[in-house]
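S.K.: What follows is a structure written as structure tokens; I'll ask about it next.
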Amino acid sequence: MATSFVTRYDLRVPDATPAQRQEVYARAVEQAAYVDRNGQDAIMVSEHHASEDGYLPSPMLLASAFAAVTSRVPITISALLVNLYEPARLAEDIAVLDHLSAGRVSYTLGLGYRPVEYELHGRSWSTRGKDIEERILRMLDLWASGAVTPAPYSQPHPFLLYGGGSPAAAKRAARLGLGFQPQHGDRALKTTYDETCRALGREPGMVLRAPFGGPANVFCAEDPDEFWERYGHHLLADATSYQEWHGEAGSYVLDPSRTVEEMRAAGVYLVTTADELVDRCRDGLRLVTSHPACGGLPAEPSWASLRLISETVLPAVRPAPAA
């Protein structure tokens with residue numbers, strides 16, 4: 001199996017001025033066009049709210065900007081926090097973005113795990129499970145009935161997965177007739193999803209499982225030691241923010257490190273040379289996820305890392321096209 005190359009953005013920049021934050025947003029759009037030209041397999045954007053570091057709260061706006069400057073690369077919003085939206089308007093926005101992107105935007109729908117986000121949007125935390133099922137079913141009905149105009153470009157609607165890390169999430173994905181994206185690699189979740197689908201009389205959909213182990217965020221540098229020394233605090237800011245949020249919600253991206261030195265040993269955030277990354281891919285690393293704006297990384301090494309991955313590593317491990 002070939003290695004997949006994905007670039008993700010959450011655009012969190014601790015203590016940024018408006019000018020610094022705007023530069024990161026503009027750079028992300030420029031980099032989206034770059035990875036589209038250079039053969040990466042997907043761009044992923046995420047959503048959170050009420051974050052002091054400015055974590056992206058409007059993923060569909062950013063995905064629209066990415067769609068406008070790309071023509072090939074799939075774009076995924078993971079996860080879209082459905083309960084924070086009005087379902088008819090969300091169905092309309094998804095349909096419009098589906099046309100803008102010619103069907104290249106897919107969605108992992110999720111509950112979220114931070115009560116403060118529900119408070120900000122005036123939503124009920126205690127009824128969130130029931131509410132998300134009702135909202136998703138409402139969107140599906142609006143598309144199926146033709147009540148939303150224009151109808152989506154993709155028929156019957158854009159590609160949808162349901163995300164989560166619990167048996168309840170696996171069962172909900174099955175009830176909704178959606179594929180399932182667990183946020184960690186526990187095989188029992190796939191089993192629960194498959195069994196629930198079959199008990200409901202339908203064949204299971206796609207299960208996009210998180211990797212077991214391996215790096216969640218990958219950076220390339222000519223000198224990894226220098227990268228860690230100069231920029232490791234950006235990666236640590238990203239890791240510690242997730243630690244504060246997740247609590248009992250497990251995720252393969254979670255790194256419990258408290259120092260840069262601990263991060264280097266943990267391996268969730270990998271900084272390596274291009275040659276070493278090529279060797280890892282040839283030895284079985286199946287997912288390389290770039291995070292070029294991680295924790296507010298400056299323009300360099302952000303661009304340097306992305307170029308090494310896209311122009312050196314990817315061509316070295318990607319199978320040559322058939323003659």
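The values are calculated or read from the model by the stated rules, or taken from the named source; none is laboratory data. What you are looking at is a predicted structure, and each value in this text was computed from that prediction instead of being measured. Cβ: placed from backbone, ideal geometry, glycine included. Neighbour counts: every protein chain shown.
S.K.: Among PRO204, PRO211, PRO224, which is within 26 Å of HIS48 (Cβ to Cβ) and surrounded by fewer than 19 Cβ atoms within 10 Å (Cβ to Cβ)?
M.R.: Details: PRO204 fails: within 26 Å of HIS48 (Cβ to Cβ); PRO224 fails: within 26 Å of HIS48 (Cβ to Cβ).
Of PRO204, PRO211, PRO224, the one residue that is within 26 Å of HIS48 (Cβ to Cβ) and surrounded by fewer than 19 Cβ atoms within 10 Å (Cβ to Cβ) is PRO211.
S.K.: Which condition does TYR85 not pass, out of (1) in contact with a strand residue (DSSP E or B) (Cβ under 9 Å, 6 or more places away or on another chain); (2) hydroxyl-bearing (Ser, Thr, Tyr); (3) within 28 Å of GLU244 (Cα to Cα), if it passes all the others?
M.R.: (1)
S.K.: Continuing with this model, one more query. Taking segment 143-166 as the region of interest, how many residues are outside any loop (DSSP other than H, G, I, E, B) and either hydroxyl-bearing (Ser, Thr, Tyr) or over 22 Å from THR76 (Cβ atoms) (or both)?
M.R.: Narrowing segment 143-166 to residues outside any loop (DSSP other than H, G, I, E, B): 143-145, 160-164.
Within this subset, residues satisfying the condition of being either hydroxyl-bearing (Ser, Thr, Tyr) or over 22 Å from THR76 (Cβ atoms) (or both) are 144-145, 162.
Here the count works out to 3.
S.K.: If a residue has to be of a type in the set (S, T, N, Q), surrounded by fewer than 19 Cβ atoms within 10 Å (Cβ to Cβ) and within 19 Å of PHE219 (Cβ to Cβ) to count, how many in segment 1-54 make the cut? Lay out the reasoning, then the answer.
M.R.: Our first condition is that a residue be of a type in the set (S, T, N, Q); within segment 1-54, this holds for 3-4, 7, 17, 20, 22, 31, 38, 40, 46, 51.
Now drop any that are not surrounded by fewer than 19 Cβ atoms within 10 Å (Cβ to Cβ), which leaves 4, 17, 20, 22, 38, 51.
With within 19 Å of PHE219 (Cβ to Cβ) added as a condition, the list becomes 4, 38.
The qualifying residues number 2.
S.K.: With (1) within 24 Å of HIS99 (Cα to Cα); (2) touching a Pro at 6+ places or on another chain (Cβ under 7 Å) as the list, and TYR153 as the residue in question, which single condition is left unmet?
M.R.: In the conditions (1) within 24 Å of HIS99 (Cα to Cα); (2) touching a Pro at 6+ places or on another chain (Cβ under 7 Å), TYR153 misses (2) alone.
S.K.: I need the full set of residues from segment 275-306 which are part of a helix (DSSP H, G or I) and over 19 Å from HIS234 (Cα atoms), in order please.
M.R.: Of everything in segment 275-306, those that are part of a helix (DSSP H, G or I) and over 19 Å from HIS234 (Cα atoms) turn out to be ASP275, GLU276, LEU277, VAL278, ASP279, ARG280, CYS281, ARG282.
S.K.: With the condition kept exactly as written, say whether any residue in segment 62-74 is farther than 27 Å from HIS121 by Cβ, surrounded by 16 or more Cβ atoms within 10 Å (Cβ to Cβ) and in contact with a strand residue (DSSP E or B) (Cβ under 7 Å, 6 or more places away or on another chain).
M.R.: So far as segment 62-74 goes, yes, one or more of its residues are farther than 27 Å from HIS121 by Cβ, surrounded by 16 or more Cβ atoms within 10 Å (Cβ to Cβ) and in contact with a strand residue (DSSP E or B) (Cβ under 7 Å, 6 or more places away or on another chain).
Yes/no per residue for (1) at pLDDT 95 or above; (2) crowded, with 16+ Cβ neighbours inside 10 Å; (3) under 24 Å from ALA102 (Cα atoms):
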site	(1), (2), (3)
SER126	yes, no, no
GLU133	yes, no, no
ALA147	yes, no, yes
PHE180	yes, yes, yes
GLN183	no, yes, no
CYS220	yes, yes, no
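S.K.: How about segment 1-103: which helices (runs of 4 or more DSSP H) wholly inside it have at least 3 residues that are touching a helix residue (DSSP H, G or I) at 6+ places or on another chain (Cβ under 8 Å) and within 30 Å of GLY146 (Cβ to Cβ)? Working first, answer last.
M.R.: On the way: elements: 18-37, 59-69, 87-100.
Result: 59-69, 87-100.
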